[in-house]
1. Within the group Arg26, Arg88, Arg6, which residue is without any contact (Cβ under 8 Å) to a residue 24 or more places away in the chain and assigned by TED's automatic domain parsing to the domain that holds Gly101?
2. The conditions are (1) loosely packed, with under 10 Cβ neighbours inside 10 Å; (2) modelled with pLDDT of 95 or more; (3) in the same structural domain as Ala100 (by TED's automatic domain parsing), and Asp81 fails exactly one of them. Which is it?
3. Go through (1) more than 30 Å from Gly92 (Cβ to Cβ); (2) touching a strand residue (DSSP E or B) at 6+ places or on another chain (Cβ under 7 Å) and name the single condition Cys74 misses.
4. Report whether or not Glu128 is charged (D, E, K, R), modelled with pLDDT under 90 and surrounded by 10 or more Cβ atoms within 10 Å (Cβ to Cβ).
Amino acid sequence: MDEFSRELPCELNDDEVAQRAERMARAIELRDARDLKRKEVAQAFKREVDALVAEIRLLADAVRERREMREVRCVTRVQRDGTVLVVRTDTGDVIEVRNAGPSTQVPLWHDDGPTDAEIVYETDHQLEAHEDEDTDEGPTEDAR
């Protein structure tokens with residue numbers, strides 16, 4: 001007679017059922033934790049890939065257009081006629097021309113005074129500060 005083993009259905013007693021239930025609960029918890037970790041890793045990779053795609057687009061635009069956006073230092077110049085010019089300091093190009101507002105005080109120069117190019121304010125904020133200095137009203141409530 002040959003003896004061998006085969007998988008066959010067997011009845012479980014109460015202790016075996018409880019053990020299987022406990023193992024199943026641990027397996028479910030482990031699966032859920034791994035699934036959450038997988039999703040977190042996938043989201044992190046997606047953010048990295050999205051950032052790379054955005055960088056590639058910016059670089060492709062720069063190559064195609066042969067230019068890109070950069071922070072450029074600018075100055076505000078008040079002309080004798082009251083015109084305000086915004087000028088790039090790297091190229092000297094005028095990028096904006098506007099009329100001085102009613103509160104803008106245009107310096108009055110004598111014939112030997114500075115030229116328009118010498119009247120330079122680094123920013124509109126400095127222009128406004130210069131305008132405040134020229135008023136005889138004294139310091140404002142905020143400046144006290």
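The values are calculated or read from the model by the stated rules, or taken from the named source; none is laboratory data. Being a predicted model, the structure only gives us computed values, none of them experimental. A quick note on method: Cβ atoms are made from the backbone with ideal geometry, for glycine too, and the neighbour counts reach across all protein chains shown.
1. Arg88
2. So the condition that Asp81 fails would be (2).
3. Looking at each condition in turn, Cys74 falls short on (1).
4. The answer is yes for Glu128.
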